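Asker: One structure, pasted below without further comment.
What follows is calculated from the coordinates using simple rules that are stated; it is not laboratory data. Because the structure is predicted, anything quoted here is derived from the model rather than measured. Ideal geometry is used to build each Cβ from the backbone, glycine not excepted, and the neighbour counts take in all protein chains shown.
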Amino acid sequence: MKTFGGSALMLDRNDINTDEIIPAKYLTENSKPALKPFILEDLKLDGFNPATDINNKGVIVTRNNFGCGSSREHAVWVFEVNEINVVIAESFARIFRQNMFNCGMPAIELKKEEINDIFTLSGPVEIAVDPEKNTLTAKGDRELTFSFDLNPFDRDLVLAGGWLAYADKKY
Amino acid sequence: MGQTITEKIFASHLRDKPTAENAVLDLDVVMCHEITTPIAITDLMERGMDRVFDKNRIKAVIDHVTPSKDSKTATQAKILRDWARRHGIKDFFDIGANGVCHALFPEKGFIRPGYTVIMGDSHTCTHGAFGAFAAGIGTTDLEVGILKGVCTFRLPQTMKIEIVGRLTDNVSAKDVILYIIKELTVNGATDKVMEFVGPVVDKMSMESRMTLCNMAIEAGATCGVCLPDRVTAEYLWPFIRDEYSSLDEAVADFAGWHSDPDAAFAETRTFDVSSLVPQVTYGFKPDEVKDVTEMAGTEVDQIYMGSCTNGRIEDLRAAAALLRGKKLAAGVRGILSPATPAVFSQANDEGLLKIFMEAGFCVTNPTCGACLGMSNGVLAPGEVCASTTNRNFNGRMGKGGMVHLMSPVSAVAAGINGFITDPRTIKG
Ligand code: SF4
C-alpha cells in the first residue's frame, strides 16, 4: 500500500487557480518532468517564493476552492513531478479534485477550523495520511490528528493507481 | 419525484453506479484540442493503448495556437493531426477550417439536446446551451473517454438560475453572467449544474445562451444548461431536418428533456436584470465585478474581441454597430479574432471586418490566441486589456498583465475612449 505525506507547503489563500499553479504558456510541454521548474510560478501570495519554498515538500495545505479555473491536469502533474502527493484544503474545484484522484493522489477536504489548526502549527510541519483509515496527522510544535471523509469510489481510484487503470479493468 | 434535465441525461446514459454518489456515463461526444490531447495520445501510445472507442464520436480541432508559433506548438499540432489521420477521425479541423472549439463544434451541429459531452477544456460547459450535459475534464478523463467512451461524475445537484425582467440596450448575456458570478462567487456553484431558465433566457439566441453557459465554470459549476426549445431547434434544423418531419416535432421531442415541474433543485436563485447595467471585472477573479460606471476612466492599452465567450457573429455585430465610423483612441491596440471561419466570413460579407479595420483593429484568424496568453496579443507586464474573454486570472494574458472582462460593446467603448467607458454613453 502506497503511503502519502511529507513536509507541508502552506498556501494561505482561497481560490488558488490552475493558471497560478502552472501558467498556460508551459502547456506546450509534452512531458510531465519538463513542467517541474514552473510550479506555482504565477501564484499571488505575499512572501511566497517558488524558487526556495518548494524544496522537499510532499503535501500542500491550503484554503477554499483550490485548483479553480482551467481543466489542465498539468496542475496535478507539476505537483507529482515535484514529489507533492497530497493536497489538503477546505474545498476543491471539481475538475482539479477529480484530476487528483484520477492520478491516484488524494485530495482531502477538512473543515475550516481544522485547516486553521494546521496553519497555527509552528516550525516545519510534517503530514502523514492514511487513506485506508481516513486519518491524517500533522506534526509541528505539537501533533494534531484529523479524520476525513473519502468517497469510497475516490479511494478505489487512489488504491487502483488512478482512473485509467481502474476503467481499463472495468469497462 | 420528477427529474431535472441533468438527472434525465444521467439516467439515460448510466453505464455504472460504483456508489450512490458516483456515476459512470456513456458519452455521445468526446472533443479534443491540441493543448490537452497530445499528452493523452502520447501516454496512450506508451501504454500500448492507442485506440479510440468510436471515431465518429470524437471531434478534434487545432485552435489554441494556430498557426503554430514555434516548434513545440507545431509538435502538439502534429501529434493531434497524425492521430486523427491514423484513426480515421473525419471531424478533425485543421488550418483553414479551424476555430475556437466551443464556437466551432456547435456550429457544426455536433451538440444535441440530451447529449453527454466531455473535453479537456474547462469551458466545455458552453455546450450546455443546447440542453446537453457538457463538462470540462482533465487529461486522464480524456484518455478514458477516448479509449472507452465513458466518464465518471459525482451525481450533480442542480442550482436553478431564474433570469427575469428585461435587458436594456447595450446590456447582454455577458453582463448577466458576470453579475450572476459576482453574486454566487467563484465557488458558489461547485459540484452543481447551473440550469438557466426564465423569460430572459427564453428570448436569448443560441449565441447568447452559449455566452451564459460558457462562464458557468467561473462560478465553479460542473456545467451550465438551458432547456432546449424552438430557438435550439431552429439553430439545429439544418442538421436534424432528416430526423424530424417538422420543426414542431423537434420542439416537442426536445421538450421531453425539460426538467419536470416537481423536480428537486438544490437551490433556486432569481435575478431580475431590468435595471442591470454593463458589468466589468476589476481584480484577478471572475467574481470581482463592478458596474461599468464604477470602473469608468480606467485606462487600457489593448482591446481583445474574440474567444469562446464572445467571438460569435452576434457579438461582432453588436460591437460593430457601436464602432461604425469611429476610431480606436490613440495608443490603444485593437485585436479582433472572429471565433470561427464561418463567423469570419459572415462578418466579412456583412462589412463588419471593414468597420473594425477602419477603426484601427488588427483582425486575426480564428484562434484562442491571447485569451490564454499563448499568442496573438500577449500583454507586457503592466499593460491593461479590455477583453471579451472569460478569465482575468493573474498572468492569464501574459505575466504582469491586467485583464478586465466585459461585453463586446463595453470593450469597443473602452477602445474608442482609451479607458473603460459605459457603452451607453457612446453616441451613434
Ligand atoms: S477561447 Fe479562451 S477560454 Fe475559450 S477555449 Fe480558447 S483559451 Fe479557452
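Asker: Evaluate the Debye formula for the stretch B:281-425 with equal point scatterers sitting on the alpha carbons, no solvent, and hand back log10 of I(q)/I(0) at q = 0.14, 0.21 Å⁻¹, in q order, two decimals.
Answerer: Here the Debye-derived log intensity ratios amount to -0.55, -1.30.
Asker: Dipole size in debye (nearest 20) for chain B around its Cα centre, Lys and Arg Cβ +1, Asp and Glu Cβ -1? Don't jump to the answer; show the numbers that get you there.
Answerer: Working: 43 positive and 52 negative charges, 210 e Å.
So the dipole magnitude of chain B works out to roughly 1020 debye.
Asker: Could you work out how far apart the two model spin labels at B:D169 and B:F265 are, taking each label as a point 7 Å from the Cα in the direction of the beta carbon, and quote it in nm?
Answerer: Spacing of the two 7 Å Cα→Cβ label points: 3.2 nm.
Asker: Same structure again: In nm, give the distance between the simple-model label positions of B:A97 and B:L247, each being 7 Å from the Cα along the Cα-to-Cβ direction.
Answerer: Modelled inter-label distance: 2.9 nm.
Asker: OK, next. Looking at chain A, what % of the alpha carbon pairs are farther apart than 23 Å?
Answerer: Cα-Cα pairs of chain A separated by over 23 Å account for 35 percent.
Asker: Here is a follow-up. For Cα pairs less than 8 Å apart in space and 6+ apart in sequence, what is the mean separation divided by the residue count of chain A, i.e. the relative contact order in percent?
Answerer: RCO, chain A: 23 percent.
Asker: How much FRET efficiency would the formula 1/(1 + (r/R0)^6) give for A:T135 and B:K427, where r is the Cβ-Cβ distance and R0 is 56 Å, rounded to 0.05? Don't jump to the answer; show the numbers that get you there.
Answerer: On the way: r = 67 Å, r/R0 = 1.19.
The calculated FRET efficiency here is 0.25.
Asker: Counting C-alpha atoms alone, how compact is chain B: give Rg to one decimal and Dmax as a whole number, in angstrom.
Answerer: 20.7, 63
Asker: Across the residues of B:62-71, average count of Cβ atoms on other protein chains within 10 Å? Please list the in-between numbers first.
Answerer: Details: counts 0, 0, 3, 3, 0, 0, 1, 1, 1, 1.
Rounded to a whole number, the mean comes out at 1.
Asker: While we're here: Dipole magnitude of the stretch B:329-420 about its Cα centre, charges +1 at Lys/Arg Cβ and -1 at Asp/Glu Cβ only, in debye to the nearest 20?
Answerer: 320 debye
Asker: Can you tell me the mean projection area, over all orientations, of the convex hull of the stretch B:337-410's alpha carbons? Units nm², please.
Answerer: Dividing the Cα hull surface by four gives the mean projection, 4.9 nm².
Asker: I've got another one for you. Once Rh for the stretch B:157-272 is found with the Kirkwood sum over Cα pairs, what is the Stokes-Einstein diffusion coefficient at 10 °C and 1.306 mPa s, in µm²/s? Walk me through the intermediate numbers first.
Answerer: On the way: Rh = 14.9 Å.
Answer from the Stokes-Einstein relation: 107 µm²/s.
Asker: List the extent of the Cα atoms of the stretch A:56-95 along each of their three principal axes, largest first, rounded to whole Å.
Answerer: Rounded to whole Å, the extents work out to 25, 21, 9 Å.
Asker: Relative contact order, percent, of chain B when contacts are C-alpha pairs under 8 Å separated by at least 6 residues? Intermediate values should be presented prior to the final figure.
Answerer: Details: 1046 pairs, mean separation 71.8, N = 428.
Relative CO of chain B lands at 17 percent.
Asker: Taking the Cα centre of each part, how many Å lie between the stretch A:25-78 and the stretch B:180-223?
Answerer: If you average the Cα positions of each part, the centres end up 28 Å apart.
Asker: Once you average over the residues of A:162-170, how many Cβ atoms of partner chains fall within 10 Å of each Cβ?
Answerer: 6
Asker: Using only atoms on other chains, find how many Cβ atoms lie within 10 Å of each Cβ of peptide A:25-33 and report the average.
Answerer: 6
Asker: For each of A:T3, B:T293, count neighbouring Cβ atoms within 10 Å of the residue's Cβ, then give the residues from fewest to most.
Answerer: Working: A:T3 10, B:T293 15.
By the 10 Å Cβ count, ascending, the order reads A:T3, B:T293.
Asker: Please give the charge dipole size of chain A, origin at the Cα centre, charges +1 on K and R Cβ atoms and -1 on D and E Cβ atoms. Round to the nearest 20 debye.
Answerer: Result for chain A is approximately 400 debye, rounded to the nearest 20.
Asker: Mind ranking B:74-83, B:296-305, A:134-143 by how tightly packed they are, going by the mean number of other C-beta atoms within 10 angstrom, highest first?
Answerer: Top to bottom by mean Cβ count within 10 Å: B:296-305, B:74-83, A:134-143.
Asker: Still on this model: Which of B:H127, A:H74 comes first, and how do the rest follow, when ranked by fewest Cβ neighbours within 10 Å?
Answerer: A:H74, B:H127
Asker: Assuming 1.567 mPa s and 4 °C, estimate D for the protein assembly as shown with Stokes-Einstein, Rh taken as the Kirkwood radius over Cα pairs, in µm²/s. Let's see the in-between values first.
Answerer: Values: Rh = 24.2 Å.
Translational D for this selection: 53 µm²/s.
Asker: For B:K17, which lysines qualify as cross-link partners when the Cα separation must be under 29 Å and same-chain residues fewer than eight apart are set aside?
Answerer: List returned: A:K2, A:K111, A:K133, A:K169, A:K170, B:K8, B:K55, B:K59, B:K148, B:K160, B:K192.
Asker: So, R0 is 60 Å and r is the distance between the beta-carbons of B:S205 and A:S122; what FRET efficiency does that work out to, to 0.05?
Answerer: Calculated value: 0.55.
Asker: Could you order peptides B:348-357, B:159-168, B:111-120 by the average number of other Cβ atoms within 10 Å of their residues, highest first?
Answerer: Descending mean neighbour count gives B:111-120, B:159-168, B:348-357.
Asker: Right, another one. Tally the DSSP beta bridges in the stretch A:4-170 and give the antiparallel ones as a percent, rounded to 5.
Answerer: Antiparallel bridges make up about 55 percent of those DSSP assigns within the stretch A:4-170.
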